[in-house]
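The values are calculated or read from the model by the stated rules, or taken from the named source; none is laboratory data. No experiment lies behind these values; they were computed from the predicted model shown. Cβ coordinates were reconstructed from backbone atoms using ideal geometry, including for glycine residues, and neighbour counts include every protein chain displayed. Surface areas here come from the heavy atoms of the whole protein model, side chains and all, with no ligands, DNA or RNA. Shrake-Rupley method; radii C 1.70, N 1.55, O 1.52, S 1.80 Å.
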Amino acid sequence: MVEPSDELKISKDRSECDGCDTQCACNATHDLSPPDTNLTTGPEISNDADRRNFLKQATTITLGALSLTVLPWSRDNDDGKNVGGGSATPIVYGFLVDTEKCIGAGKCLTACRVENDVPEGYSRTWVERYIHYKDGRVEVDRVPESGYHAAGLVDIDSELIDRSYFVPKLCNHCEDAPCNQVCPVHASFTSPEGVELIDTDSCIGCAYCVQACPYGVRFVNPNTNSADKCTWCYHRITQNEKPACVEACPVDARVFGRLDDPESELNRRLAKVPHHVLREHLGTHPKLHYIGLSGEVN
Amino acid sequence: MDAAEFIYPNDPHVAWSIMIVLYPYITGLVAGAFVVSSLYHVFDQQVLKPVARLALVTALCFCMFATLPLLLHLHHPERAFNIMITPNATSAMAGFGFIYSFYMLLLVIEVWLVFRPDIVERVNTNHGIRRWVYLVLSLGVPRITEQSLKIDRRLIRILAVVGIPAACVLHGYVGFLFGAVKANPWWSTALMPVIFLISAVLSGIAVLLALYVFICWRHQVAPEIECLRTLVRYLWIALITAFSLEALELIHMGYEAGSEWHILRTLLTEKLAVSYVLVQVIVGSLVPLVLLSVAVIAKPSRRMTVWIACIAAVLILVQVFAMRWNVVIGGQLFSKSFRGFVEYRISWFGREGILAAAVVLMLPFIALYGANRVLPISTADDH
Ligand code: SF4
Ligand code: SF4
C-alpha cells in the first residue's frame, strides 16, 4: 500500500478525534463506540432503543448543523448548500461518479482503507478499468491500490486499443436496498438521510445481506465478525465533511452531496449530462449515479 | 464477445459454507420423513406401518440438529436469538426461528403422544433408574385409559394434518431464502421453493428406506416387502417429479439465455462438471431412475427389490446433497461481476470444516440410535 498522502493523514487524524462534548455528530459517533468498530461502521448503535435515540440525536445534530451559517464545505460547493441549508424537508444524500473524469489514480482506495480501517483482502470501494481492444475484446481489471506503475504492471500498447476508462465502485445506498430487506435482525438499516448502515452490535453475521447485494460491495469483516461495507463515511458526512474518497480524488470524479437540493453541485452536474445507475433492472434504485457509463459496465 | 475474467474484490470470500449446504439438507430430511409418517397417520396407508414410527422419530432426530449448522455458520452465534427478539418482517430469514420452533414443538408433542402407551408400559415394567427415566418421559402420568388413548389418537391425527403444511412451509421456506435473492441468477427463480420441497420429500423417503433396510438387516429379519415396494414407488414418483422440475428450470434458463446465461453455462459445464453433471444428474438421478423403474415396473424378487431399493436410496441421498451443494456453493462460485469465477476452499478442521460437517451429519443418527434404545422405534423388534 502506498503511504497515505498528506490529505489522507488529515483524514485519519480527523477520524481519531476524541469527540467533543455533547452537541455534535462527532460526539454521537465517538461516544457510542470504540474507535475501531466505529471506523468500520460509522456510528455504532447498540440496540433498537439506542439506535432510535441515536437516529433522533443524529437528525437533531444534522439539522442543528444545517443552521450554522459557516459550513466547512461551502468553499467546494460554491452555493454553500450541498450539505446544509436548514430546510425542514428531510436530507437525502446522493453520490455521483464521473467516469469521464476518473484517471484511475487510486487515491480514493487508500483513503477509504485508512479512514475506515478496512482489512486487507476486502474492499469498501474499488476502481475497475475497462479496456476495449481493437480486435473487439473487452478486458476488465482493477486499479491496484498502489497505482498501476507502483504495482509493476506493464503499459498496454495504445495502438492496440480503441478506448479505455475507469469505473469506481462503492455502495449504491439503494433506496430499495435488498441488503436491508433481507437482514433478519434489523442490523442493516437506513439512516434518516437515506444512508444504508450496519449496526455491528446486533449483526448476527449470517451474511444474507452479502448474498443479497447485487453489487458485491458487502463482506463480513473478519475483525468485527459483522457485515461491513461503504457508509459514504457516515461519521464524516454527519460532521459536514466529505467522504474520504471524495476528498482524496484529485480530479473530482467522485461527488457527494444532497439529492434533495436542486442547487447542489451534485444535482447541477447530474442535470447537464445523461447519467445512469448500475443494474437498473433490479429495481434497487441506487442513489449512486454514474456519468459516462458504458453498456458493458454492470 | 466474452470479457476476460474479472471478479469483484469481496467475492473470493465465499460467504456461505458447507454448513449452509447441510442446513437445507437436514431440514429436507425432516420434512420428507415427516411426510411419510403422515401418509400413515393421516392418509391411513396401513402398508407403511412398519416405518411410521421410524419416520416420525427420524424427523425429530434430524430436526433437533437442524439449527446446529446455522449456529456453526453464524459469525455471532451468541446473538442468534436476535432473530426472534428483533425480527425484521421483510426478511425471509427472520421467519426461521418461529417456523422452526413451531415445527419442533409439533414434532415433540406428536412423538410423545405416539409413544405414550409404550412409555407408560415401561414405567410399570422397569425398576430403579430406568423406571425413573420412563416416569419423567411420561411427564409423571403413568396411566392410560381407553378414553385417553382415543383423545391421544385424535390429537396425533390433528398434529399430523397440521404437520404436513408445516413441513412444506419449513422446507419451501428454505427454498424461498435462495429463490428470492435477485442478485443471484443461479438462485433467483420462483421454482426454487418447489424444487427444494420435492427434493426434501425425495431425500426423506430415501433415508427411511435405507434406515429400514439397515435396521432389518441388523435384527436379522426380512423387511416387509409390501412396505418396501410402496416406499420404492413413492421414491420413484418423487424422483421423477424432482428431476423434471430441476430439468425444467435449467432448460428454461438456457432457452431464455438471458444476459447471465453465459456465466451459468460455464458454471455448469466446467466448475460444477463433477458435482452437477456427474453426481447430481448421472449417478444421483439417472441411475436410480433406471433402477427404480425396474423395481416398480418389472416387480423383481424380494431379494432383488431390497438391493435395488438400497442402492437407489443411497444414490438419491448423495444426489440431494449434491443438489444442495450445487445450489449453495455453486451460486457463489461466480463473481457478481458475472465475468469470472472464485474458488471455494474447504478445510478439514475448524467450525465450518469437513470434520465439523461430518459430525453434524452423524449426530441425528446417533440420536436415533439412542432413541431406539429407549423406545420401540423400529417395528423390526416386533418380528
Ligand atoms: S449497493 Fe448493496 S450494500 Fe449498498 S445499499 Fe445497495 S444492496 Fe445494499
Ligand atoms: S450479516 Fe448482519 S447485517 Fe447482514 S443480514 Fe446478517 S445480521 Fe443483517
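Summary table
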item: Global form of chain B, assessed from the alpha-carbon gyration tensor, a/c cut-off 1.5; result: prolate
item: Near-label residues of region A:203-238 by backbone N, under 20 Å of a point 7 Å along Cα→Cβ of A:Val277; result: A:209-218, A:229-234
item: 5 angstrom amide H check on B:Arg339, placed H, neighbours 5+ away; result: B:Phe6
item: Separation of the A:Glu120 and B:Ser244 label points, Cα + 7 Å toward Cβ, nm; result: 5.6
item: Within the protein assembly as shown, helix-based [θ] at 222 nm, where runs of 4 or more DSSP H residues each add -39,500 (n - 2.57), nearest 500; result: -15500 deg cm²/dmol
item: Solvent accessible area, Å² - A:His132, 1.4 Å probe, full protein context; result: 20
item: Hz values of 3J(HN,Hα) by residue in region B:42-49 - Karplus curve (6.51, -1.76, 1.60), Gly and Pro given as x; result: 9, 9, 6, 7, 4, 5, 8, 3
item: FRET efficiency for B:Ile99 and B:Arg131, using Cβ-Cβ distance with R0 set to 35 Å, rounded to 0.05; result: 0.40
item: Global geometry of region B:254-383, whether rounded, prolate or oblate, following the gyration tensor of its Cα atoms and the 1.5 cut on a/c; result: oblate
item: Solvent-accessible surface (1.4 angstrom probe) belonging to B:Trp307, in square angstrom, nearest 10; result: 150
item: Nearest-10 value in Å² for the accessible area of B:Lys150, using the 1.4 Å probe; result: 130
item: Student exercise, region B:78-138 dipole from Lys, Arg, Asp, Glu Cβ charges, in Debye to nearest 20; result: 180
item: Restricting region A:93-144 to trypsin sites (Lys or Arg not before Pro) in coil, as DSSP defines it, with at most 10 other Cβ within 10 Å; result: A:Lys134
item: Relative contact order (percent, whole number), region B:200-289, Cα cutoff 8 Å, 6+ residue spacing; result: 27
item: Signed unit charges on C-beta, dipole axis of region A:79-298, positive-most listed residue A:Pro243, A:Ser164, A:Gly121; result: A:Pro243
item: Of the trypsin sites (Lys or Arg not before Pro) in region B:337-381, those whose Cβ has at most 10 other Cβ within 10 Å and which sit in DSSP loop; result: B:Arg345
item: Kirkwood Rh, angstrom, region B:1-130 [1 / mean 1/r, Cα pairs]; result: 18.0
item: Cα-based Rg and Dmax for region A:177-298, where Dmax is the largest Cα-Cα distance (Å); result: 15.5, 44
item: Cβ-Cβ FRET estimate between B:Ala222 and B:Gln46, R0 fixed at 25 Å, reported to 0.05; result: 0.85
item: Loop-located trypsin sites (Lys or Arg not before Pro) in region B:39-128 whose Cβ has at most 13 other Cβ within 10 Å (DSSP); result: none
item: In Hz, Karplus ³J(HN,Hα) per residue of region B:341-346 (6.51, -1.76, 1.60; θ = phi - 60°; x = Gly, Pro); result: 10, 10, 10, 9, 9, 10
item: Over 28 Å (Cα to Cα) - which of A:Lys134/A:Lys287; A:Lys272/B:Lys336; B:Lys49/B:Lys150 fall in this group; result: A:Lys134/A:Lys287; A:Lys272/B:Lys336
item: Rg/Rh ratio calculated on Cα atoms of region A:79-298 (Kirkwood radius); result: 0.97
item: Size of electric dipole in region A:79-298: Cβ of Lys, Arg +1 and of Asp, Glu -1, about Cα centre, debye, nearest 20; result: 120
item: Cβ-placed point charges (K, R +1; D, E -1), dipole of the protein assembly as shown about Cα centre in debye, nearest 20; result: 3300
item: Backbone HN-Hα couplings from phi across region B:231-239 [Karplus 6.51/-1.76/1.60, Hz, Gly and Pro as x]; result: 4, 4, 5, 4, 4, 4, 5, 4, 5
item: Extension gain (nm, one decimal) between B:Ile282 and B:Thr269, 0.36 nm per residue minus Cα-Cα; result: 3.3 nm
item: Euclidean distance of C-alpha centroids, region B:176-212 and region A:258-298, integer Å; result: 39
item: Whole-number Å³ per residue for the convex hull built on Cα positions in the protein assembly as shown; result: 182
item: Alpha-carbon gyration tensor eigenvalues x 5, square-rooted, for region B:78-187, Å; result: 39, 17, 11
